[in-house]
Amino acid sequence: MSQQTTIRKLAALVNTPVEKLLEQLAEAGMKFSSPDQVVTSTEKVKLLGFLRRTHGKSEKAAEEAVSPKKITLNRSRKQELTVGGGKNRQTVDVVVRKKVTVVPPTGKDDGVDPASGLSREEAERAEILRKLEESRQRNLSEQQRLAEEDKRRAEEAAERRREAEAEAERLRKEAAAAAAVVTGDATAAPARRAPHGHGHGQPAKPAGPARDDRSAANKGKAQRGSHAMVAGVEDDESTARFAGQLHLSAADRARRSTARGRPKPRRNVEQSRGGSGGPHGFERPTAPVVREIAVGDAITVADLAQKLALKGGDVVKALFKMGVMATITQTIDHDTAVLVVEELGHKAVRAESDDAESVLVAHVADVQGEQAARPPVVTIMGHVDHGKTSLLDYIRTTKVATGEAGGITQHIGAYHVETPKGVISFLDTPGHAAFTSMRARGARLTDIVVLVVAADDGVMPQTIEAIQHARAAKVPLIVAINKIDKSTADPNRIKNELLEHQVVAEDFGGDTQMVELSAKTGMGVDDLLDAISLQAEVLELRAVQDGRATGTVIESSLDKGRGPVATVLVQQGRLNRGDYLVCGVQYGRVRALFDENGQAVDGAGPSIPVQVLGLSGVPDAGDDFVVVDDERLAKDVAQQREAKRRETRLVQAAGNRMEDIMAQMGQAEQQLSLNLVVKADVQGSVEALKQALTALSNEQIRINIIVSGVGGITESDANAAATAKATIIGFNVRADASARRVVETNGLDLRYFSIIYDVIDQVKQVASGILGMEIREEIIGIAEVRDVFRSSKFGAVAGCMVVEGVVKRSKPIRVLRDNTVVFEGELESLRRFKENVDEVRVHTECGIGVKAYNDVKVGDQIECFERIEVQRTL
Ligand code: GDP
């Protein structure tokens, strides 16, 4: 029994002829060739959206007659205002009233059902549609206006050119006549003038393209940017005027230009450029001036205009003609910039990679000194509850050499232990998200993965995931079979299960070390440390011991008293107090270094984690750091990176906005979105949460993280959440008083967490709430018509056999012929022998009378179904 809906079925269901439905589907952009094709639920929704839209159009007039044209929403908001100070302080309640009037756009359906009234969301959607339509209209009229303007200019230009040519011709004749009298001086004048003109440093305008297009321009068909056209005209004019200047006195020139009734032009450049000599002092430029414009990853329209020596507005216009809407201050990406540069007749070249960055690379390259063995860096992974945290805690509390008796180790994201076989560094953030997000950022920190598997549980999904992560990163595994203190522990089972995932224990003939231990009692932990040292020896890990340090940020946070704090893992060289460093987009001088005991240290060598104080801001986990010789370079690199990051972000944001609009237009009916503001105590958690939460998006709902970052929830976070109707998530951070006020006034959803899995769970719940209920049909029984009796009293009664499920009198039914719905309705009667019954089960005969349907035939199927509400979930 199939629950899939064919077009035929759907047509019967919606009471529409099959052909009409096919037509409507085609109009909605979904072509079907046969009515027996299956319509998916997405397609149904799409059709529904289409029908709603078109339906609105045709019935607009009628609707307008009965429904109000404006919907006015009054909202009032209460605020407290404190006036006066000291003793006179008073708190006054202020009510802010806001009136919003929504006018449904004309000629376009707003998706509002006048019968059911407007919900706020609907009103907003109507508003968005209206704005979109308005902006489209604006664009259209702007385009029209520009086209007309172009045409007008081209005509004017042609007119002026004709005039100028005539003038030039006349002057040339005059000049030729004069040349007979005054010889020798003819070329000197322009030659002297030329450098003067250039000396102003005024950039020349791209005159060439217009010249080439002259005939086209004469016809009024401007192909290029109008500025080019104008420049071309100016050139012609100046040529003409210049030709005239050759043999005229200053007085003559003054007289002429006033006689021509034109304002004195400020066009020395063109004038002098034209005067490159020749018997008549003039030569037409034979090629357009093509500039080479260096374009980086992104550039603002204003900067590009400056490089092109054009007005910003001209570049905006050129972009507009290419279909790109941008303002002068906006940033456009490399590709768009290249297109517009070429469109304007110039050549785009890739901007040289950042200079400061290349200095830095050279700087780092000359650090290379003597290499020596370095300690291994270990990450612990495994399934939840298998004991990762317990193992890390056990090692930290028992093995980290504390400076003083009773000293407390701190969580700084990593720690190192000294064992008889050497030093080992552990990254202190267990879990896969941290590992993968680091790897995704290109940071290779881990040398060895310790995979924790609980001996009383076995290989679980995250165990397999960890194996895959380690393999993908080409990092060797050591298996820690944990909880062997438990009576239910079965280490051999674990080894066998791991075998299925190509992780073969040494005693099974493989090369993976497996250590049985208990993170609770500490039994076997030393064996694990030995195994790690052994693996490290095999890996022959080496690094430069002295010299300028490089490494990676493991964790970072903003400390109220100490400012930005970053835990870094030194990977090469030695990081010392007083060093200048660049760290992601931050820079600074190392003010202090602390180890995992909170002890101030002077320096840290390879594979050793330290906390760094003194940076200009909070870097991101996964950022690299480099020690440089002087602050100037550190600052330059950091600032350049920051500028680049900002530009990329702008470009991305523009892209996202576009995507949003497209998504809204294309699938307004289908995809919902859940906006989130995510704040956490450390950057690592922010990254992990961002990744995990956005990964929850699917075709039904999109999870947008509109704001994220390290630190408490501030008023601006809350305001952002209010604007975007976002849920606020505080991970180990809290909202401050002003943020709480905004949360309360706006009735925002604010939730605190300390466990990532809880966040994911709850976000799933919230998302499900947004998705709402879905009505599903479930077929509960099918009866086959074996015979048809006709009685004057009951009409047609079908003698049936229930072949599947159960037929219930109270449920709706459909009559199917050749698997096609021919009727949908209710049962009139359901009988077993002469008895009226409520339900008939499978393999039982019964008599069915269908209400208002008498055409039942032998061989038909009567399908009994029910509609159930199902909570949509992620
Ligand atoms: P994680 O989710 O992998 O970090 O696991 P935890 O370290 O939080 O441990 C989960 C539970 O297992 C905790 O209740 C621990 O006390 C317990 N546990 C961890 N290691 C051992 C062990 O070796 N023996 C026993 N009996 N319990 C353990």
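The values are calculated or read from the model by the stated rules, or taken from the named source; none is laboratory data. Every value quoted in this text rests on a predicted model; they were computed, and no experiment measured them. Cβ coordinates were reconstructed from backbone atoms using ideal geometry, including for glycine residues, and neighbour counts include every protein chain displayed. The accessibility values were calculated without ligands, DNA or RNA, using every heavy atom of the protein model including side chains. Shrake-Rupley method; radii C 1.70, N 1.55, O 1.52, S 1.80 Å.
Just to check your reading of the model, which residue among Gly413, Gly442 is surrounded by 22 or more Cβ atoms within 10 Å (Cβ to Cβ), modelled with pLDDT under 85, under 20 Å from Glu687 (Cα atoms) and away from the ligand (no atom under 13 Å from the Cβ)?
Matching residue, one of Gly413, Gly442: Gly413.
Can you name every residue in the stretch 838-871 that is surrounded by fewer than 16 Cβ atoms within 10 Å (Cβ to Cβ) and either touching a Leu at 6+ places or on another chain (Cβ under 9 Å) or among the basic types (Lys, Arg) (or both)?
Hits for the stretch 838-871 are Asp838, Arg841, Lys851, Lys857, Arg867, Gln871.
Among the residues of the stretch 589-600, is there at least one that is at negative phi and without any contact (Cβ under 8 Å) to a residue 12 or more places away in the chain?
yes
In the list Val837, Val856, which residue meets the criterion of being more than 30 Å from Asn698 (Cα to Cα) and in contact (Cβ under 8 Å) with a residue 60 or more places away in the chain?
Testing whether each residue is more than 30 Å from Asn698 (Cα to Cα) and in contact (Cβ under 8 Å) with a residue 60 or more places away in the chain leaves just Val856.
Just give me the residues in the stretch 485-507 being within 13 Å of the ligand (Cβ to nearest atom) and among the charged types (D, E, K, R), in sequence order.
If the condition is that a residue be within 13 Å of the ligand (Cβ to nearest atom) and among the charged types (D, E, K, R), then Asp485, Lys486 are the ones that fit.
Yes or no: the stretch 386-403 includes at least one residue that is part of a loop (DSSP other than H, G, I, E, B), modelled with pLDDT of 90 or more and within 16 Å of the ligand (Cβ to nearest atom).
For the stretch 386-403, residues part of a loop (DSSP other than H, G, I, E, B), modelled with pLDDT of 90 or more and within 16 Å of the ligand (Cβ to nearest atom): present.
Given (1) in contact with a Phe, Trp or Tyr (Cβ under 7 Å, 6 or more places away or on another chain); (2) open to solvent by 10 Å² or more (accessible area, probe 1.4 Å); (3) modelled with pLDDT of 90 or more; (4) not aliphatic (A, V, I, L, M), identify the lone condition not met by Pro609.
(2)
Determine the pairs where a residue that is away from the ligand (no atom under 16 Å from the Cβ) and open to solvent by 10 Å² or more (accessible area, probe 1.4 Å), located within the stretch 369-384, has a partner that is modelled with pLDDT of 90 or more and not in a strand (DSSP E or B) with Cβ atoms under 7 Å apart, the partner being 6 or more residues away or on another chain.
Close Cβ pairs satisfying both conditions: Ala373/Leu541; Arg374/Leu541; Arg374/Pro606; Arg374/Ser607; Pro375/Ser607.
Return the residues of the stretch 508-522 that are away from the ligand (no atom under 16 Å from the Cβ) and of a type in the set (Asp, Glu); say none if nothing qualifies.
Scanning the stretch 508-522 gives a single hit, Asp511.
Test Val315 against the criterion of being β-branched (Val, Ile, Thr), open to solvent by less than 40 Å² (accessible area, probe 1.4 Å) and modelled with pLDDT of 85 or more, and give yes or no.
The answer is yes for Val315.
Which condition from (1) surrounded by fewer than 19 Cβ atoms within 10 Å (Cβ to Cβ); (2) within 30 Å of Val612 (Cα to Cα); (3) among the basic types (Lys, Arg) is the one that Arg574 breaks?
Condition not satisfied by Arg574: (1).
Among the listed residues Val525, Val553, which satisfies the condition of being more than 16 Å from the ligand (Cβ to nearest atom), open to solvent by less than 60 Å² (accessible area, probe 1.4 Å), touching a Phe, Trp or Tyr at 6+ places or on another chain (Cβ under 7 Å) and not hydroxyl-bearing (Ser, Thr, Tyr)?
Val553
Please pick out the residue among Ala724, Ala783 that is out of contact with any helix residue (DSSP H, G or I) (no Cβ under 8 Å at 6 or more places or on another chain) and touching a residue at least 60 places away in the same chain (Cβ under 8 Å).
Only one candidate passes the filter, namely Ala783.
Looking only at the stretch 460-479, count how many residues are open to solvent by 30 Å² or more (accessible area, probe 1.4 Å), away from the ligand (no atom under 14 Å from the Cβ) and either touching a His at 6+ places or on another chain (Cβ under 8 Å) or of a type outside the set (A, V, I, L, M, F, W, C) (or both).
Adding up the residues that qualify gives 6.
Only residues that are closer than 26 Å to Leu541 by Cα, among the aliphatic types (A, V, I, L, M) and in contact (Cβ under 8 Å) with a residue 60 or more places away in the chain: list them for the stretch 611-632, please.
If the condition is that a residue be closer than 26 Å to Leu541 by Cα, among the aliphatic types (A, V, I, L, M) and in contact (Cβ under 8 Å) with a residue 60 or more places away in the chain, then Ala621, Val626, Val627, Val628 are the ones that fit.
So how many residues does the stretch 818-837 have that are open to solvent by less than 30 Å² (accessible area, probe 1.4 Å) and part of a loop (DSSP other than H, G, I, E, B)?
Matching residues across the stretch 818-837 total 0.
Name the pairs: first residue in the stretch 480-497 and part of a helix (DSSP H, G or I), second residue open to solvent by less than 80 Å² (accessible area, probe 1.4 Å) and within 12 Å of the ligand (Cβ to nearest atom), Cβ to Cβ under 6 Å, at least 6 apart or on different chains?
These pairs meet every condition: Pro491/Ala455; Pro491/Ile481; Pro491/Glu516; Ile494/Val453; Ile494/Ala455; Ile494/Ile481.
Which residue is modelled with the highest pLDDT, if the candidates are limited to the stretch 750-780 and must be of a type in the set (Asp, Glu) and in a strand (DSSP E or B)?
Among those residues, the one meeting the criterion is Glu778.
Just a yes or no: is a residue in the stretch 850-867 within 21 Å of Ser792 (Cβ to Cβ) and assigned to a strand (DSSP E or B)?
There is at least one residue in the stretch 850-867 that is within 21 Å of Ser792 (Cβ to Cβ) and assigned to a strand (DSSP E or B).
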